[in-house]
Structures are given as structure tokens and as C-alpha cells.
1. Any idea what the dipole of the chain comes to, in debye rounded to 20, about its Cα centre with Lys/Arg Cβ at +1 and Asp/Glu Cβ at -1?
2. Express in nm, to one decimal, how much length is gained between Ala24 and Ile101 on full extension, taking 0.36 nm for each residue of separation and deducting their alpha carbon distance.
3. Which of the lysines could be linked to Lys58 by a straight reach, that is with a Cα gap under 20 Å, when you skip same-chain ones fewer than 8 residues away?
4. Could you list the trypsin sites (Lys or Arg not before Pro) in segment 56-103 that lie in coil according to DSSP, counting only those with at most 13 other Cβ atoms within 10 Å of their Cβ?
5. If you take every residue apart from Arg46 with its C-beta less than 15 Å away from the C-beta of Arg46, what net charge results, scoring Lys and Arg +1 and Asp and Glu -1?
6. At 222 nm, what value in deg cm²/dmol follows for the chain if DSSP H runs of at least 4 each add -39500 (n - 2.57) and the sum is divided by all its residues, to the nearest 500?
7. Which residues in segment 73-95 place their backbone N less than 16 Å from a point set 7 Å from the Cα of Lys65 along the Cα-to-Cβ direction?
8. Take the alpha carbon atoms of the chain, find their radius of gyration, then divide it by 2.2 N^0.38 Å using N residues; give the quotient.
Amino acid sequence: MSVFDDIKLGLEQAIEYEKGNLKAKKTTLTILPLETFSSQEIKEIRNSTGLTQVLFAKYMGVSVKTVEAWEAGRNHPDGAACRLLTITRHNPNFPRTSGIIAQ
């Protein structure tokens, strides 16, 4: 199908929708709440990646002091850091397979 045909089909479907002859397709997505992590869990996630605190901090985009504080329980990650920890927990190879860390 050509680009023209795709556009024509889309316009025809839009017209049919406006006339009430076609129901719109809709997808509902749910964003899960941020996970929270204990100091031990963060250390386990880091260890599962095989990264030092220095490399893990670079991967996470935070300072080494921040990773140290997380692992000591003096501070806790939030926002995007929690999302990245969740991804990394489920796939310890993510830092490498994503291209964030090059071999």
C-alpha cells in the first residue's frame, strides 16, 4: 500500500467515524507506580550487573556519593532512578544491551 493509499484510507475512516458509522479504536495504558528499594535491594541490583559503585553511579547518572548513600540507607532513589532500577532488576544485562555501557 502506498503512502497515498494509507492517507486516503485514514481520511475515509475519519469521515466514517464522524458520521457515526465507525467506532474509534482506543488503547488504555496503565503506568505502574514507582517501586521503592531498600539499601540491600539496591546493592543486590548493582552486584547483579557486575558494576562497581563508580560505574553504577555513571550508569544511573548520579554521583558515587549518592550510590553510597543509597546502599547505606541514608538516602533513597526517586523518580527516573527508581524506573531505571526496576528495569535493571528485571534485566541485569540492560546496562550493556542498551548501549549505555560499552564493553
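Read the figures in this text as sums done on the coordinates, not as results from a lab. Note that the structure is predicted; figures quoted are calculated from it, not measured. Note that we place each Cβ from the backbone using ideal geometry, even for glycine, and neighbour counts take in every protein chain shown.
1. 220 debye
2. Result: 23.5 nm gained on full extension.
3. Within the straight-line cut-off, Lys58 pairs with Lys43.
4. Arg74
5. Details: positive: Lys43, Lys58, Lys65, Arg89, Arg96; negative: Glu41, Glu44, Glu68, Glu71.
Spelling it out: positives minus negatives among the neighbours equals +1.
6. -17000 deg cm²/dmol
7. In segment 73-95, the label zone of Lys65 (backbone N under 16 Å from the point 7 Å along Cα→Cβ) covers 73-76.
8. Working it through for the chain, the quotient is 1.75.
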